[in-house]
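Report on one structure; see the data block that follows.
The values are calculated or read from the model by the stated rules, or taken from the named source; none is laboratory data. Since this is a predicted model, take the numbers as computed values, not measurements. Every residue, glycine among them, receives a Cβ derived from its backbone with ideal geometry; neighbour counts consider all protein chains shown. Heavy atoms of the whole protein, side chains included, go into the accessibility calculation; ligands, DNA and RNA do not. Shrake-Rupley method; radii C 1.70, N 1.55, O 1.52, S 1.80 Å.
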Amino acid sequence: MLEIEKNICRDLEKSGSREWLETNGIGGYASGTIAGAHKRRYHGLLVAATHPPLGRRLLLSKFEETLIIDGGRFELSTNQYPGEIHPEGYKYLRGFRLEPFPIWTYEVNGVVLEKSVFMPHGENSVVCRWKVIGGNPTEITLELKPLVAFRDHHHLRHEDALFDGDYSVEDGLISMQPYPEMPQLHFAHNAVGLEHKGHWYRDLEYAIERERGFDFTEDLYQPFSLTFDLSSDAVVIVSTIARKATDAVELEKTDIKRRADLIVRAETDDESLWPLILAADQFIVDRGGGNTVIAGYPWFSDWGRDTMIALSGLTLATKRPEIASSIILEFAKHISEGMIPNRFPDEGETPDYNTVDATLWFFEAIRAYAEATEDYEMIRVELYEKLVCIIDHHVAGIRYNIHVDSDGLLYAGEPGTQLTWMDAKIGDWVVTPRTGKPVEIQALWHDALCIIEKFATQFNDPERQARYSEMATIARDSFNGQFWNSSENCLYDVIDGAEKDGSVRPNQIFAVSLTHSMLDAKRARSVVKKVEAELLTPDGLRSLSPRDPRYVPVYIGSPHDRDSGYHQGTVWGWLIGHFVDAYRKVHSRDAMAEKRIDEILAGLRKHLRAAAVGQISEIFDGDPPHTSRGCPAQAWSVAELLRVLSK
């Protein structure tokens, strides 16, 4: 359980900056703020994945909730309108917790009311329940008014004459479909009264959208209101796109058991890891006949790079190797010209192949799977020849001028492309092009060669084993001869012919952290020292040293402002995992090393109660207090923290 106290819940600034997230395992989600006021266009009670794991449509935004006690009306909702908060239901909050899903406790005139929200696994449904857990009112009812949007989750709804607000009513079921291209939404309920409304709530404001430089106002439609008798039973309403009778009680029992089983399966007595284990599960979704990873909620789809980096923490650290295998095999189906996809678009079926590192991280994910399971037979039968083909393609040359150079190192890039994880682009301007030989790409290339060399040995393939061993040796010698920056006692970030980029960035940490390092102990220790001194923060590693004149201390402003600073000092949480790996390597004989690592990770542990409760954010400001920014729930941030804490 993660709990947020009353003093935070009743402070609108604090409770409005803390978010909650529910997911359904097929790409759908529900999210909002603890206070109840939506602050993002993505906040809503039912965002359905109409083409799992994508095609996401925000159907039900929220319920306006009114508690009626002995004739007195008390508004539990909270909304931001121009210059006004109305209603102010957050003032009745007594607490919020994840146990295991979001639960709010309200106290109104001596009555204690509990509200819970959860999404059943595998369904585009959300179950909301209200029940009285304290107090003895003579008469108590709850009035719920659904506010619906029926839109793509990236867009905003505005009052529309074409919006069909009609609905049909059957026994315990209300159904509506304002647009033919949208799914039908059903409300299964136990209300005692239904009243037609049919009007728009106009100009709701979403503060984070305004802060990010986007459109930030929305109109939502209220088709009807429902009245429930709280004195005799709990209020239950299931909002779903599946037209079927649903037993909410059984759904809740099933889902609680499923989440409990995940914790039991992870085989850890460290209760502080339990929220991370449940968070990890939220990113694992179905794709085709297998699985993939949603890179982040609420707006990312599944990305090859993020998936391969996150795989170990999300699946192997949680003792779910069959999910790891499914993800690996699913991506293997989409290999094209020696590359795995970097991204599956929100709309359409054609994946994007526009990265140099996702395919190299694919090797590392397979290595981690093999180490955890010793399932070499699956690798031999399903993957080995595909990995060989990938290496061959890289040697021969593939998209975007990716090829092995005469020195054995991997060259990547051409004008107008951004192929590494530092991939911000504004129009035709690539902010950090890193064309040439980026340091982490060489580390990953060498690592991939060593991995496939070991597989060749395992599978009795001596000719290939000798070839890959020679290639790795050449790459290692070339790397050490070219990449050491003696003036900074660390590694250059990118080399392109005679040009050497001395920017102090975190990318060099991978030359130490990966299983097969190219550096000797002295240089490895020096790299870790440099990164710790200039890039380490309580929430991850800065993407650029504050000494650099291009350093951007705060990630805020218009899309242009934010994109131009995305990798120019912004702190990335996921990098903490490889920093810890590298730190453990170079301080393996230091008795105090684990204590120092606990100190390093304390900030992210604390963050579990800060932004999206139970989650780790994508990025943070480079300067203190390192305010969280970007995506509030990021797969590789969660995965890497869980992975290193599980060791």
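Examine the range 282-291 for a residue that is of a type in the set (V, I, T) and surrounded by 20 or more Cβ atoms within 10 Å (Cβ to Cβ), and state whether such a residue exists.
Yes - at least one qualifying residue is present in the range 282-291.
Given the conditions (1) of a type outside the set (A, V, I, L, M, F, W, C); (2) at pLDDT 95 or above; (3) open to solvent by 10 Å² or more (accessible area, probe 1.4 Å), report the number of the one that D590 does not fulfil.
Every condition holds for D590 apart from (2).
Return the residues of the range 312-327 that are part of a helix (DSSP H, G or I) and either touching a strand residue (DSSP E or B) at 6+ places or on another chain (Cβ under 7 Å) or of a type in the set (S, T, N, Q) (or both); say none if nothing qualifies.
Result: S312, L314, T315, I323, S325, S326, I327.
What number of residues within the range 159-176 satisfy the criterion of being within 26 Å of L142 (Cβ to Cβ) and assigned to a loop (DSSP other than H, G, I, E, B)?
Looking only at that region, the number is 4.
What residue, among those in the range 227-249 that are touching a residue at least 40 places away in the same chain (Cβ under 8 Å), over 18 Å from L60 (Cβ atoms) and not in a loop (DSSP other than H, G, I, E, B), is farthest from the chain's Cα centre (by Cα)?
D229
Answer yes or no: is there a residue in the range 321-334 that is in contact (Cβ under 8 Å) with a residue 60 or more places away in the chain and open to solvent by 20 Å² or more (accessible area, probe 1.4 Å).
no
Of all residues in the range 75-92, count the ones that are open to solvent by 20 Å² or more (accessible area, probe 1.4 Å) and touching a Pro at 6+ places or on another chain (Cβ under 9 Å).
1
Within the group A149, A191, which residue is surrounded by 14 or more Cβ atoms within 10 Å (Cβ to Cβ) and part of a strand (DSSP E or B)?
A149
(1) under 18 Å from P120 (Cα atoms); (2) in contact (Cβ under 8 Å) with a residue 12 or more places away in the chain: which one isn't true of L276, the others all being true?
With (1) under 18 Å from P120 (Cα atoms); (2) in contact (Cβ under 8 Å) with a residue 12 or more places away in the chain applied to L276, the lone miss is (1).
Would you call A280 in contact with a Leu (Cβ under 6 Å, 6 or more places away or on another chain), part of a helix (DSSP H, G or I) and small (G, A, S)?
Yes.
Could you check, for the range 44-60, whether at least one of its residues is open to solvent by 30 Å² or more (accessible area, probe 1.4 Å) and either of a type in the set (A, V, I, L, M) or under 19 Å from A279 (Cβ atoms) (or both)?
no
So which of I208, I241 is closer than 30 Å to T627 by Cα, crowded, with 17+ Cβ neighbours inside 10 Å and at pLDDT 95 or above?
Going through I208, I241 in turn, the sole match is I208.
Check the range 395-403 and report whether any residue there is part of a strand (DSSP E or B), under 17 Å from L449 (Cα atoms) and free of Cβ contacts under 8 Å to residues at least 12 places away in the same chain.
For the range 395-403, residues part of a strand (DSSP E or B), under 17 Å from L449 (Cα atoms) and free of Cβ contacts under 8 Å to residues at least 12 places away in the same chain: present.
Within the range 116-130, work out how many residues are open to solvent by 40 Å² or more (accessible area, probe 1.4 Å) and closer than 19 Å to K62 by Cβ.
1
What's the number of the condition A279 fails, among (1) among the small types (G, A, S); (2) touching a Ser or Thr at 6+ places or on another chain (Cβ under 9 Å); (3) open to solvent by less than 30 Å² (accessible area, probe 1.4 Å); (4) within 30 Å of D447 (Cβ to Cβ)?
(2)
Can you find a residue that is outside any helix (DSSP H, G or I), within 30 Å of T33 (Cβ to Cβ) and of a type in the set (D, E, K, R) anywhere in the range 268-275?
Scanning the range 268-275 turns up at least one residue that is outside any helix (DSSP H, G or I), within 30 Å of T33 (Cβ to Cβ) and of a type in the set (D, E, K, R).
Would it be correct to say that R258 is at pLDDT 95 or above and within 30 Å of E13 (Cα to Cα)?
No, not satisfied.
Quick check on my filter: what residues within the range 406-431 are farther than 30 Å from H560 by Cβ and loosely packed, with under 14 Cβ neighbours inside 10 Å?
Result: S406, single match.
When you scan the range 451-557 for helices (runs of 4 or more DSSP H) that lie fully inside it, which ones turn up with 2 or more residues that are open to solvent by less than 50 Å² (accessible area, probe 1.4 Å) and out of contact with any helix residue (DSSP H, G or I) (no Cβ under 6 Å at 6 or more places or on another chain)?
The qualifying helices (runs of 4 or more DSSP H) are 462-482, 521-534.
I need a count of the residues in the range 100-115 that are touching a Phe, Trp or Tyr at 6+ places or on another chain (Cβ under 8 Å) and either buried (at least 22 other Cβ atoms within 10 Å of the Cβ) or not in a loop (DSSP other than H, G, I, E, B) (or both).
Residues meeting the conditions: 11.
Which of the residues that make up the range 328-373 are among the hydroxyl-bearing types (S, T, Y) and either farther than 17 Å from A295 by Cβ or not in a helix (DSSP H, G or I) (or both)?
S336, T350, Y353, T355, Y369, T373
Can you pull out every residue in the range 26-43 that is under 16 Å from Y221 (Cα atoms) and open to solvent by less than 10 Å² (accessible area, probe 1.4 Å)?
H43
Evaluate the following for Y376: is it out of contact with any Pro (no Cβ under 7 Å at 6 or more places or on another chain) and crowded, with 19+ Cβ neighbours inside 10 Å?
no
Please count how many residues of the range 217-253 are of a type outside the set (G, A, S) and farther than 26 Å from H153 by Cβ.
Residues flagged as of a type outside the set (G, A, S) and farther than 26 Å from H153 by Cβ within the range 217-253 amount to 10.
Would you confirm whether or not the range 216-223 contains a residue that is in a loop (DSSP other than H, G, I, E, B), within 30 Å of R562 (Cα to Cα) and either open to solvent by less than 80 Å² (accessible area, probe 1.4 Å) or free of Cβ contacts under 8 Å to residues at least 12 places away in the same chain (or both)?
Yes, the range 216-223 contains at least one residue that is in a loop (DSSP other than H, G, I, E, B), within 30 Å of R562 (Cα to Cα) and either open to solvent by less than 80 Å² (accessible area, probe 1.4 Å) or free of Cβ contacts under 8 Å to residues at least 12 places away in the same chain (or both).
Might you check whether a residue that is within 19 Å of M422 (Cα to Cα) and hydroxyl-bearing (S, T, Y) occurs anywhere in the range 565-585?
Within the range 565-585, one or more residues are within 19 Å of M422 (Cα to Cα) and hydroxyl-bearing (S, T, Y).
Does D623 satisfy the criteria of being within 21 Å of L2 (Cβ to Cβ), at pLDDT 95 or above and more than 22 Å from the chain's Cα centre (by Cα)?
So D623 fails the test.
Could you tell me whether R202 is at pLDDT 95 or above, under 33 Å from the mean Cα position of the chain (by Cα) and basic (K, R)?
Taking the combined requirement at face value, the residue satisfies it.
Residue by residue, here is whether (1) at positive phi; (2) touching a helix residue (DSSP H, G or I) at 6+ places or on another chain (Cβ under 7 Å); (3) in a strand (DSSP E or B) holds:
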site: G27; (1), (2), (3): yes, no, no
site: K39; (1), (2), (3): no, yes, no
site: L45; (1), (2), (3): no, no, yes
site: A48; (1), (2), (3): no, no, yes
site: F63; (1), (2), (3): no, no, yes
site: I68; (1), (2), (3): no, no, yes
site: R73; (1), (2), (3): no, no, yes
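Given the residues L2, L113, L21, which is the only one that is more than 24 Å from E250 (Cβ to Cβ) and in contact (Cβ under 8 Å) with a residue 24 or more places away in the chain?
After ruling out the rest, the residue left standing is L2.
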